[in-house]
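So the structure is just underneath, and the comments pick up after that.
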Amino acid sequence: MAKSKFTSLDSLSFQEFDENSELIPLMTSEDEKEINNELLPETLPILSLRNTVLFPGVVIPITAGRDKSIKLIDDANKGSKVIGVVSQKDEIIENPTAKDIYKTGTVARILRVLKMPDGNTTVIIQGKKRFEVDKVISEDPYMTATVKDLPQIVPANESEEFKAIIDSIKELAIQIIKDSPNIPSEASFAIKNIESNSFLINFVSSNMNLAVEEKQELLEMNDLQERALATLKYMNVEFQKLELKNDIQSKVQSDMNQQQREYFLHQQLKTIQEELGGVSYEEEVEEMRKRAKSKKWSKKVKNHFDKELAKMQRMNPQVAEYSIQRNYLDLFLELPWNEFSEDIFDLKRAKKILDRDHYGLDDVKRRIIEYLAVLKLRNDMKSPILCLYGPPGVGKTSLGKSIAEALGREYVRMSLGGLRDEAEIRGHRKTYIGAMPGRIIQSLKKAGTSNPVFVLDEIDKLSNSHQGDPSSAMLEVLDPEQNSEFHDNFLEMGYDLSKVMFIATSNSLSTIQPALLDRMEIINVTGYTIEEKVEIAKRHLLPKQLKEHGLTTKHLRIGKPQLEKIVEGYTRESGVRGLEKQIAKMVRHAAKNIAMEEPYNLKVTNEDIIEVLGGPKLERDKYENNNVAGVVTGLAWTSVGGDILFIESILSKGKGTMTITGNLGTVMKESATIAMEYIKANADAYGINPEVFEKYNVHIHVPEGATPKDGPSAGVTMLTSLVSLFTQKKVKKSLAMTGEITLRGKVLPVGGIKEKILAAKRARIKEILLCEDNRRDIEEIKEEYLKGLTFHYVSDMSEVIDIAITNQKVKNAKTL
């Protein structure tokens, strides 16, 4: 900037400095008297300032960019050059009105107007005296107001106290100029040469680093001594801050050389990384901050992330903790906080999807449709926690995919089989090397939403070890009252799992921790009938295998009779996994013939089935019957569904001992003992000679000795077998039974009825004997499953014998 010299312009004097210094105005006492004697105009054009306050006697440059301000300055510069200057209460307001400005302002004279290249107008103004806005009389083309003078109260005869305050202001101002590196030292000469006490106070107040509100408060003080004392207080605060700043700088000065050295090394490393195509640490932090802006975080999560990001910025990128911290922040950015996929509430569509993918399973489908219906009506319901319980191969896991599609949600599956580390659920703490979040949080990160359908597969196969109990860790995950704040050790924050629809699968309920079982809604997924298996094979298994082997229906067809033959002769299971393997063999046989260009039957025949799969392996159970006294068919529940078993009894000369074989458990052996003792006690009623018990040994055997067997449900079967043996009367054909017995002769109910009924149908059983209390279990089963079966409900052992032994009267029978 070129040198400029102002001399005796408008009763003000200026001292000239070099090019890098500012012009410091020096007001004399005569200048102040002349200004105070000037009369205040009745009306003034009002110029509002955004971020500063003009004090009397002070010269400041301002830039006018608003149209009204430029018009006011132009008109005033052509006329009296006198304007009223006030400060805005809010600098954001573009067109202030009377309520947006302070009432106290300063009369100013325009000293010079400069037109800038950017279109703005820079004007140098000098404050003269204070005024108060009386009334705004117009706002167009700019604000005009009537004003009144504000008299200034000057201490009488300049008291000693006032002189001491002025001296302190001068000394403190000179000390601040001396200690501050941003103020030129020449300014101290101007402070020493100011004669007017009023101008000294105004000049210092104008140049202090205060907010507009604080400067306005000083301007509005009428008592000069009061304003001087307030100014001195603000100066003391500023001086203390300056001392503290200088003290801190002096303390850290010794470390600056090392820090500067590290800084330059980091800058060189940054340049090398950029040349090699990498990303610098600063860019990485900035990218994280940018990604964080788009996250739907709560205030608590946002504050935690900002704190951890600032912590990473303070870290040396070369230390091992830096990568852990970076992974931690990446997890925060990748987790779907408060991001939810929109549920599809089309119940008819959902039902079609479930029916399309799964044949049968009506209870499960009905429960899902009920959940959708409630969610559609309320739209804020917590997701249920379902446990699909049933034998392998019935479609429990694949059902989760269909549910996800029906709801329009993401699908996540987590296998829990053999899991024995609690950290797999809750995650590791960040202090450990190789720390990772738990698989629950990891799965949600992959899903991209906070409300997926989450399948917890094989929840009954969680195991314990010295690393903790995962089933106990699952308690918080599967508790609707707790999982809204699920705590992961690595995340260190509560994460909301209440909108996740958890679906657990289990083959057995006995191995699930009772507290965990209590948190889930159990849905029993039982096995399929022969008819259902044939339909599943036709609709799903055969098309799937043809596709996997590169064939179509043009290459191979299997009719319903042939599928039924495969089901009956080569599979004995509740599910369809074994059936799918047999169908895969048939498809592979066709694929081999096609590849080798050998002839084969496009439509599979019964002979083709025997050729490929061999002779029927499982039909012996269906055709074996009670043709010998002492042989009875029982019904049993296993972990893979229902099954039939045969109990055989035989007499041999001896001393009346009883032998039990067949790999039986304690409960089952006790059932045999109870049956034997009951028969001895009631021998006369059944026409049995009591001497038989002393002259003959009894041997009870349950075939398939390699398979462990236990439970009370074989009680009635053993009783019938022994009565048949002692009376040498055959048991009715095509009859199976299940039930627990007591010494008093009562028959008690047992569980697993549906699975046992399905097993009976597979084995071509015609009549089933059950406890009277199991009638309600039969009534819950669909009638199509019961077609062709006759049920006998009993409550006493005598009824069992009456029904089971050949040529006895049959009572209380119900045929469906």
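No lab work stands behind these numbers, since they all come straight from the coordinates. The model shown is predicted, which means the values in this text are computed figures rather than measured ones. With ideal geometry, Cβ positions are generated from the backbone for all residues, glycine too; neighbour counts draw on all protein chains shown.
Brief remarks follow.
- In the chain, Cα pairs under 8 Å separated by at least six residues give a relative contact order of 7 percent.
- Degrees between helix 753-762 axis and first principal axis of the chain (Cα, 0 to 90, nearest 10): 50 degrees
- Fraction of antiparallel bridges per DSSP, region 624-815 only, in percent to nearest 5: 55 percent
- Of the beta bridges in the chain, as assigned by DSSP with both residues counted there, near 60 percent are antiparallel.
- In nm, spacing of pseudo-spin labels at LYS33 and TYR686 (7 Å Cα→C-beta vector): 14.1 nm
- Under-20-angstrom lysine pairs by C-alpha in region 38-149, whenever the two are 8 or more apart or on separate chains: 27
- Here's how it looks for SER87: its modeled amide H is under 5 Å from those of LEU49, TYR102, which are all 5 or more places away or on a different chain.
- Along region 66-82 the Karplus relation, 6.51 cos²θ - 1.76 cosθ + 1.60 evaluated at θ = phi - 60°, assigns HN-Hα couplings of 6, 4, 5, 5, 5, 4, 4, 5, 4, 5, 5, 5, 7, x, 6, 6, 10 Hz to successive residues, with x for each Gly and Pro.
- When each of the peptides 200-211, 283-294 is scored by how many other beta carbons lie within 10 Å of its residues on average, the order from highest to lowest is 200-211, 283-294.
- Put a dot 7 Å past the Cα of THR271, heading toward its Cβ, do the same for SER80, and the two dots end up 6.4 nm apart.
- Cα gyration tensor category, rounded, prolate or oblate, for region 375-458 with a/c compared to 1.5: oblate
- Region 38-149 shape via C-alpha gyration tensor axes, a/c threshold 1.5: rounded
- Taking N as the residue count of region 530-618, its C-alpha radius of gyration divided by 2.2 N^0.38 Å amounts to 1.00.
- 28 Å Cα-Cα threshold exceeded, pairs from LYS617/LYS732; LYS245/LYS300; LYS376/LYS445; LYS617/LYS754: LYS245/LYS300
- Modelled FRET efficiency - R0 22 Å, LYS71 with ALA211, Cβ distances, 0.05 increments: 0.15
- Remark: the THR553-LEU602 segment gains 16.7 nm on full extension, using 0.36 nm per residue and subtracting the alpha carbon distance.
- Extension gain (nm, one decimal) between LYS352 and ILE153, 0.36 nm per residue minus Cα-Cα: 62.6 nm
- Axis angle, to the nearest 10 degrees, between helix 396-407 and the longest C-alpha principal axis of the chain: 40 degrees.
- The long axis of helix 224-275 is offset from the longest Cα principal axis of the chain by roughly 50 degrees.
- Shape of the chain, Cα gyration tensor, a/c cut at 1.5: prolate
- Fraction of C-alpha pairs exceeding 20 angstrom in region 347-524: 52 percent, rounded to a whole number.
- Scanning residues 5 or more positions from GLY468 or on other chains, those with amide H under 5 Å from its amide H are GLU422, with H placed 1.01 Å from N in the peptide plane.
- Separation of alpha-carbon centers, region 480-503 and region 561-589, rounded to whole Å: 43 Å
- Were the residues from ALA98 through LYS669 laid out at 0.36 nm apart, the gain over their Cα-Cα distance would be 195.4 nm.
- Averaging the sequence gap over all C-alpha pairs within less than 8 Å and six or more residues apart, then dividing by the number of residues, gives region 624-815 a relative contact order of 25 percent.
- GLN318-LYS382 pseudo-label distance in nm [points 7 Å out on the Cα-to-Cβ vector]: 5.1 nm
- Counting only DSSP beta bridges whose two residues both lie in region 347-524, roughly 15 percent are antiparallel.
- Per-residue [θ]222 nm for the chain (sum of -39500 (n - 2.57) over DSSP H runs n ≥ 4, rounded to 500): -13000 deg cm²/dmol
- Note on region 530-618: with charges restricted to the Cβ of Lys and Arg (+1) and Asp and Glu (-1), its dipole about the Cα centre is near 240 debye.
- Whole-percent pair-distance distribution, where bins are 10 Å wide, for the alpha carbons of region 449-582: 10, 28, 23, 19, 16, 4, 0
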